[in-house]
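One structure, pasted below without further comment.
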Amino acid sequence: MDLHKEGDRGSAKQKKVKIVFVIGGPGSGKGTQCKRIAQQFGYTHLSVGEILRQEISSGSETGSMIQKIMKEGKLVPSDVTVRLLQQAMQGINSDKFLIDGFPRNEENVKAFEDLTKMEPEFVLYLDCPQDEMEKRLLSRNEGREDDNVETIRKRFKVFMESTLPTIEYYESKGKIRKVDAGKSIDEVFESIKVIFSQGKDNKVPPSRHKCKCLIL
Ligand SMILES: Nc1ncnc2c1ncn2[C@@H]1O[C@H](COP(=O)(O)OP(=O)(O)O)[C@@H](O)[C@H]1O
Ligand SMILES: Nc1ccn([C@@H]2O[C@H](COP(=O)(O)OP(=O)(O)O)[C@@H](O)[C@H]2O)c(=O)n1
Ligand SMILES: [Mg+2]
């Protein structure tokens with residue numbers, strides 16, 4: 001499927017799919033904030049880590065390869081990650097995707113651009129002090145194999161070495177929207193709301209206004 005188009009076969013009807021990437025260190029609050037953004041602003045939330053964990057659960061050979069990499073805190077090869085991400089997007093009829101935990105390195109960016117021919121509208125960067133992220137991860141309690149001190153430290157290293165350069169890349173394109181993610185969940189979401197309320201396409205859809213009856 002071409003994600004740029006939708007509608008009857010052969011019709012010229014175009015559907016512009018909007019994509020927002022959400023990046024930040026492990027434990028910066030990506031999943032937590034994405035849930036709220038999706039609910040309030042009508043986005044479809046896709047967590048790339050979750051998509052990879054589903055592949056592990058499927059018991060496939062690819063899944064066992066992913067499991068080994070994740071346990072080491074390393075990054076899954078981009079062709080695998082982007083193929084699974086694209087499959088997930090194609091299975092959902094949405095025109096607004098919030099992609100959590102992506103991109104993690106420059107190879108992720110290139111694979112996504114090459115395969116989908118799309119670019120994010122903007123990139124939300126949750127900027128959080130490392131000691132705070134470590135504290136959060138150690139009390140996350142989701143039973144994740146990679147939430148132990150040893151793997152967490154490796155994940156921080158990968159974030160500094162591989163993910164930060166992607167932030168610089170999007171910064172040069174004027175696409176980074178940075179928030180201070182070291183504050184409380186509510187405070188962080190207040191800053192995020194300002195960003196998602198900017199621009200005509202980001203307004204809360206009418207159906208989500210409390211006073212819908214008055215608009216009708
Ligand atoms: N602003 C915050 N303050 C305190 N704890 C938070 C905050 N945001 C998230 N958490 C908690 O920290 C842990 C990691 O959050 P999560 O959203 O899973 O982060 P990420 O997806 O970036 O790894 C979770 O247990 C979550 O409940
Ligand atoms: N784009 C991505 C996203 C996740 N991953 C892998 O999945 C792991 C967990 O990602 P995640 O986004 O669920 O982790 P958190 O930052 O939410 O804690 C990463 O440490 C990587 O091993 C990846 O390789 N490439
Ligand atoms: Mg997460």
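Quick note: the coordinates plus some simple rules give every number you see, no bench work behind them. This is a predicted model, so every value here is computed, not measured. In this analysis, Cβ positions are derived from the backbone assuming ideal geometry, glycine residues included, and neighbour counts consider all displayed protein chains.
Looking at segment 20-45 only, could you name the residues that are part of a strand (DSSP E or B) and surrounded by fewer than 23 Cβ atoms within 10 Å (Cβ to Cβ)?
Result: Thr44, His45.
Also: Just one of the numbered conditions (1) under 25 Å from Glu55 (Cα atoms); (2) of a type outside the set (Val, Ile, Thr); (3) not in a loop (DSSP other than H, G, I, E, B) is not true of Met118; which one?
Of everything listed in (1) under 25 Å from Glu55 (Cα atoms); (2) of a type outside the set (Val, Ile, Thr); (3) not in a loop (DSSP other than H, G, I, E, B), Met118 misses just condition (3).
Further, regarding this structure: Which one of the conditions (1) within 16 Å of the chain's Cα centre (by Cα); (2) at positive phi; (3) not aliphatic (A, V, I, L, M) does Lys117 fail to meet, given that it meets all the rest?
(1)
Moving on. Report yes if Gly182 is away from ligand 3 (no atom under 16 Å from the Cβ), on the phi > 0 side of the Ramachandran plot and in a loop (DSSP other than H, G, I, E, B), otherwise no.
Against the criterion (away from ligand 3 (no atom under 16 Å from the Cβ), on the phi > 0 side of the Ramachandran plot and in a loop (DSSP other than H, G, I, E, B)), Gly182 does not qualify.
If you don't mind, there's one more thing I want to ask. Check whether at least one residue in segment 51-73 is among the basic types (Lys, Arg), within 16 Å of the chain's Cα centre (by Cα), part of a helix (DSSP H, G or I) and under 27 Å from Val17 (Cα atoms), and report yes or no.
Yes - at least one qualifying residue is present in segment 51-73.
Tell me yes or no: at least one residue of segment 125-138 is assigned to a loop (DSSP other than H, G, I, E, B) and either touching a residue at least 60 places away in the same chain (Cβ under 8 Å) or within 15 Å of ligand 3 (Cβ to nearest atom) (or both).
Within segment 125-138, the subset assigned to a loop (DSSP other than H, G, I, E, B) is 128-129.
Filter once more, so that each one left must be either touching a residue at least 60 places away in the same chain (Cβ under 8 Å) or within 15 Å of ligand 3 (Cβ to nearest atom) (or both): 128.
The answer is yes; a qualifying residue exists.
With the condition kept exactly as written, say whether any residue in segment 98-117 is under 29 Å from Gln39 (Cα atoms), among the acidic types (Asp, Glu) and touching a residue at least 24 places away in the same chain (Cβ under 8 Å).
Looking for residues that are under 29 Å from Gln39 (Cα atoms), among the acidic types (Asp, Glu) and touching a residue at least 24 places away in the same chain (Cβ under 8 Å), one finds at least one in segment 98-117, hence yes.
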